[in-house]
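The values are calculated or read from the model by the stated rules, or taken from the named source; none is laboratory data. Keep in mind that what you see is a predicted model, and the values were worked out from it rather than measured. With ideal geometry, Cβ positions are generated from the backbone for all residues, glycine too; neighbour counts draw on all protein chains shown. Calculation scope for accessible area: heavy atoms of the full protein, side chains included, ligands and nucleic acids excluded. Shrake-Rupley method; radii C 1.70, N 1.55, O 1.52, S 1.80 Å.
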Amino acid sequence: MSDRELALRAVQASQGRALQHAGHWCQDREVVLEAVRRNGLALRHADVKLRADREVVMEAVKEHGPALEFAQGAPLRCREVVLSAIRQSGRSARFAADALQLDRCLALAAVKVNADALPYMPEGLLQDRQFLLAAIAANGQALQHLGPELRADFEVVLTAVRACAPAVRHVAEELLHSVSFALQAVDANPSVLEHLPEAMRADRRVATAALLASDSMIRFVAPQLRGEAEFLNHVESMRARRKEMTGPEELVL
């Protein structure tokens with residue numbers, strides 16, 4: 001058995017940890033690849049030239065996103081490598097700050113693949129309202145990472161729920177119990193009804209708005225309304241009136 005085969009077996013048996021004791025084998029591409037495929041953090045022990053090797057770094061971050069911290073040079077600017085790392089772990093974004101700051105499209109793509117990347121974005125982007133609106137439009141779940149003021153901002157939260165109904169769980173508490181907000185939210189995305197508090201799902205105006213937008217929302221209406229003939233007849237009447245309308249007149253829910 002050759003020395004390389006022994007080195008390969010060692011990193012295989014140790015799940016990559018043997019690389020830190022591998023001496024000159026840390027410069028061997030095949031040995032390093034074998035190590036990082038099993039333990040992305042083994043990248044820290046690789047020769048500096050291999051930490052700048054796109055394929056080596058890609059294999060490392062696919063196994064453990066934050067291994068991006070130990071990459072050098074070109075891989076830190078490679079879209080595919082950066083997104084692969086962030087897909088595996090949102091906190092990997094902090095190790096690609098320069099690339100994300102320079103490439104807003106890359107930053108938005110990063111949030112799209114993993115909402116947890118948002119708090120690790122460069123500070124300049126986190127202070128940019130337009131970037132934040134674009135980020136939550138790409139991934140509504142990123143709303144959970146915004147501060148209280150933004151989670152109470154109608155434009156921001158409606159952008160989030162339009163993209164992702166479950167994001168409504170992260171809006172400010174006062175909005176969750178606001179009929180005015182609930183009406184706008186189900187108008188933006190009827191599926192929001194499923195994630196609203198019971199009191200909102202039992203509100204006739206909110207339930208009616210959701211049902212007028214989508215019949216399928218009936219299963220999320222509060223049980224007491226689902227079983228009430230008067231309410232169901234009201235919704236049917238509203239639906240019929242909506243079909244008959246020819247002008248801009250608005251229905252009163």
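General remarks:
- Test result for GLU69, open to solvent by 30 Å² or more (accessible area, probe 1.4 Å), within 21 Å of ALA7 (Cα to Cα) and not aliphatic (A, V, I, L, M): no
- Condition met for LEU183 (in contact (Cβ under 8 Å) with a residue 60 or more places away in the chain and in a helix (DSSP H, G or I)): yes
- Between ARG129, ARG104, the distinction of being closer than 30 Å to PRO75 by Cβ and not acidic (Asp, Glu) belongs to ARG104 only.
- Look at segment 98-110: where a residue is at negative phi and a partner is of a type outside the set (A, V, I, L, M, F, W, C), sitting 6+ places away or on another chain with Cβ atoms under 6 Å, you get ALA99/ARG77; LEU100/PRO122; GLN101/PRO122; LEU106/ARG79.
Yes or no, residue by residue, for (1) touching a Ser or Thr at 6+ places or on another chain (Cβ under 7 Å); (2) assigned to a helix (DSSP H, G or I):
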| site | (1), (2) |
| --- | --- |
| GLN20 | no, yes |
| HIS24 | no, yes |
| VAL31 | no, yes |
| ARG37 | no, yes |
| ALA42 | no, yes |
| ASP47 | no, no |
| VAL56 | no, yes |
| VAL61 | yes, yes |
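- Within the option set SER84, SER92, being in contact (Cβ under 8 Å) with a residue 12 or more places away in the chain, open to solvent by 10 Å² or more (accessible area, probe 1.4 Å), in contact with a helix residue (DSSP H, G or I) (Cβ under 9 Å, 6 or more places away or on another chain) and part of a helix (DSSP H, G or I) holds for one residue only, SER84.
- Restricting ALA165, ALA172, ALA160 to those that are open to solvent by less than 30 Å² (accessible area, probe 1.4 Å) and touching a Ser or Thr at 6+ places or on another chain (Cβ under 8 Å) reduces the list to ALA165.
- The set of residues in segment 72-81 that are crowded, with 17+ Cβ neighbours inside 10 Å and assigned to a loop (DSSP other than H, G, I, E, B) contains only CYS78.
- Criterion: open to solvent by 40 Å² or more (accessible area, probe 1.4 Å), under 19 Å from ALA160 (Cβ atoms) and not hydroxyl-bearing (Ser, Thr, Tyr) - qualifying residue of LEU118, LEU102, LEU126: LEU126
- Members of segment 129-151 that are assigned to a loop (DSSP other than H, G, I, E, B), touching a residue at least 24 places away in the same chain (Cβ under 8 Å) and open to solvent by 40 Å² or more (accessible area, probe 1.4 Å): PRO148
- Scope segment 8-30; condition open to solvent by less than 90 Å² (accessible area, probe 1.4 Å), more than 36 Å from the chain's Cα centre (by Cα) and under 20 Å from GLU55 (Cα atoms); matching residues: LEU8, TRP25, ASP28
- Hey, LEU118 closer than 24 Å to LEU176 by Cβ, part of a helix (DSSP H, G or I) and touching an Asp or Glu at 6+ places or on another chain (Cβ under 9 Å) or not: no
For (1) small (Gly, Ala, Ser); (2) modelled with pLDDT under 95; (3) within 26 Å of VAL168 (Cα to Cα); (4) open to solvent by 90 Å² or more (accessible area, probe 1.4 Å), each residue gets a yes or a no:
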position	(1), (2), (3), (4)
VAL192	no, no, yes, no
GLU230	no, yes, no, yes
ASN233	no, yes, no, yes
GLU244	no, yes, no, yes
GLY247	yes, yes, no, no
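- For segment 196-228, a residue qualifies if it is under 17 Å from VAL157 (Cα atoms) and surrounded by fewer than 20 Cβ atoms within 10 Å (Cβ to Cβ), and exactly one does: PRO197.
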